[in-house]
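For reference, the structure is listed below as structure tokens.
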Amino acid sequence: MARIDQCVAFLFCLVMCTGAWADGGEVALGDPNCRIVNMVPRLHEKATWSGSCKGGYASGTGVLQWYVEDSPTSRFEGQMEKGLPNGAGVTTYSSNDSRYEGEYRDGKRNGKGALTMAGGLRIRGTFVDDEPSGEVEAERSNGYHYKGGWRGSKMHGTGTVTYADGMKYTGEFKDGAREGSGIATFPNGMRYEGNWKDNYFDGTGDIVYSDGSKYHGEFRHGMRFGAGTLQNAIGQTYEGNWIDNQLFGSGRMNARNGSSYVGEFKNMQYHGTGTLTDEHGTVFAGSWINGLLEGQGSQTGKAGEKYIGDWHVGKFEGQGRLHYASGGDYVGEFVQGQRQGKGTLIDEWGNRFDGTWEADEMNGTGEVIYKNGNQYSGSWRYGKYDGKGRMQYADGGIYEGGFSFGRRSGGGIFIDAQGVKTEGVWSIGLLQGEAVETSKAGKRIVCHYVDGVLEGAFEGELDDGEQIKAIIRQGSLEGEATLVYPGGMTILARFNHGLPNGRWTVRLADGSSFETDFKLGVRSGPPIPVELPRIPGLNL
């Protein structure tokens, strides 16, 4: 809009310079007793007058045509007196196609008149010494319209202008520019009310943007500059110091959802030291860069969770300490907001996890000490024992071998609290296939398991020296079994679901033998004249 105003002033000046009447020499038109007063004498200039003469000067009504080297320059049609236009008249300017219609006095535009300049600008109002003065009305065919004060060929004072693009301004002007107090509305719906300088918002003002955002505060050269408050279309309020439309330095942000920020800004973003409280009551405090925490900072949740440590692009990254609302604490390394690297977690139940982490889970190598006394050390994957490891149980038992997804898997050795060692293969935490059990005394038994339950051949030596050979079904003796004792006694027995069942034969070391029958654990045959020895580990 400033450029349009400047063009208007330029065109008006052009008309003044080429067609203004001013004191100068006189031109005799044929008869020396009929003279024209030449306001701006030029080389090779001449004039013709079609009207009458009086007192040696052109007077009355007629047409005055000016030429330079036979080329017409301007034409006046109207009332002359003493060689000068006086009264009503019309002047057209050949050089720039401008035209004036109105009152003259002493050769100058004085009184009511209308000036149409090159480019189509038309000014109506009162003229003083060739220039519009006071209240005027100016317009163009493209929709430009002005009504208000005028001085020195420019808008000046109070007025209202509507530009070709639809912008409208009502307020003060100075030397052709919007300056002082004024109100402007724009085609996109924006509205500004406040102070202006050199066609720009400048000083204190209020603006409503096309999207509904509102700003109250200081402006400079058309932009927010200085102290002010902006409320945007989504309900966020920014208050502080502005530079070139952007919030810089100390300020405050309040959002409709209840979140708020107090601290330093740069380009409308949190930048520097500040504190953000989000809509859930979580507080983020520390150093910010481009709207994200960077460097040292903290996060405190409403439920009690708290992080203190390093940040990168708004996430935990580097060394930090995280206290969980549930009561656990993690101290160690973070990457992109997750536990990653070396660290130690003590959970809410008092269990301690120490090792390497990835994607928030134990991964790699590490150990855990459970509050119940169990301890594990070895490989981890996705937060579970996986790979080679060692588990020591609170009751004294120890397992060393393979793990998968937190369960024994693959080859391994388990030594229970009584010292019995079992070597075998585990799957999903259960023994599978052949296993060798060795007692603390060194006695070995070879047995078979299915899903952790004894199943199939069972053969070996018990701690008291007994030799046993039997079949196990679902953990219980089934069918025939042979038991040989150190003293030479042999028992040929039969079982059903772990209970004596069927014919039993007892052979003594001297060769004598006895037989009896059992039915589901109850003897149904004759008594045996010897005491059957106890068989450790078997339910006879």
Subject >> region 257-279 - residue that is in contact with a strand residue (DSSP E or B) (Cβ under 9 Å, 6 or more places away or on another chain) and outside any strand (DSSP E or B) and, of those, nearest to LYS302 (Cα to Cα) >> reply: ASP278
Original post:
So PRO486 fits all but one of (1) over 30 Å from GLY429 (Cβ atoms); (2) surrounded by fewer than 18 Cβ atoms within 10 Å (Cβ to Cβ); (3) in contact with a strand residue (DSSP E or B) (Cβ under 7 Å, 6 or more places away or on another chain); what number is the exception?
Top reply: (3)
**OP:** Only one of these is more than 56 Å from the chain's Cα centre (by Cα), among the acidic types (Asp, Glu), closer than 27 Å to PRO500 by Cα and modelled with pLDDT of 85 or more: GLU466, GLU423, GLU434. Name it.
**Re:** GLU434
Original post:
Could you list, in sequence order, the residues of region 443-463 that are charged (D, E, K, R), modelled with pLDDT of 85 or more and in a loop (DSSP other than H, G, I, E, B)?
Top reply: LYS443, ASP451
Original post:
Taking the condition loosely packed, with under 15 Cβ neighbours inside 10 Å, polar (S, T, N, Q) and at positive phi, does ASN257 pass?
Top reply: no
Subject >> Answer from GLY148, GLY205, GLY159 - the residue that is surrounded by 20 or more Cβ atoms within 10 Å (Cβ to Cβ) and in contact with a Ser or Thr (Cβ under 7 Å, 6 or more places away or on another chain) >> reply: GLY148
Subject >> region 126-161, subset among the hydrophobic types (A, V, I, L, M, F, W, C) and without any contact (Cβ under 8 Å) to a residue 24 or more places away in the chain, residue nearest to LYS108 (Cα to Cα) >> reply: VAL128
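Yes/no per residue for (1) among the charged types (D, E, K, R); (2) on the phi > 0 side of the Ramachandran plot:
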site	(1), (2)
HIS448	no, no
LYS469	yes, no
ALA481	no, no
ARG494	yes, no
VAL506	no, no
GLY511	no, yes
GLY521	no, yes
SER524	no, no
**OP:** Can you tell me which residue within region 489-537, out of those that are surrounded by 13 or more Cβ atoms within 10 Å (Cβ to Cβ) and of a type in the set (Gly, Ala, Ser), is nearest to the chain's Cα centre (by Cα)?
**Re:** GLY537
Original post:
Inside region 366-383, can you point out the residues that are surrounded by fewer than 15 Cβ atoms within 10 Å (Cβ to Cβ) and farther than 16 Å from ASP416 by Cβ?
Top reply: LYS371, ASN372, TYR382
Original post:
Does GLY159 satisfy the criteria of being closer than 26 Å to ASP130 by Cα, among the small types (Gly, Ala, Ser) and modelled with pLDDT under 95?
Top reply: no
Subject >> Matching entry among ARG99, ARG75, ARG42, ARG35 (being in contact with a Phe, Trp or Tyr (Cβ under 6 Å, 6 or more places away or on another chain) and either in a strand (DSSP E or B) or modelled with pLDDT of 80 or more (or both)) >> reply: ARG35
**OP:** Of all residues in region 278-335, count the ones that are in contact with an Asp or Glu (Cβ under 6 Å, 6 or more places away or on another chain), surrounded by fewer than 17 Cβ atoms within 10 Å (Cβ to Cβ) and not small (Gly, Ala, Ser).
**Re:** 1
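The values are calculated or read from the model by the stated rules, or taken from the named source; none is laboratory data. The structure displayed is predicted, hence computed values, not measured ones. Please note: Cβ atoms are built from the backbone with ideal geometry, for glycine as well, and neighbour counts cover all protein chains shown.
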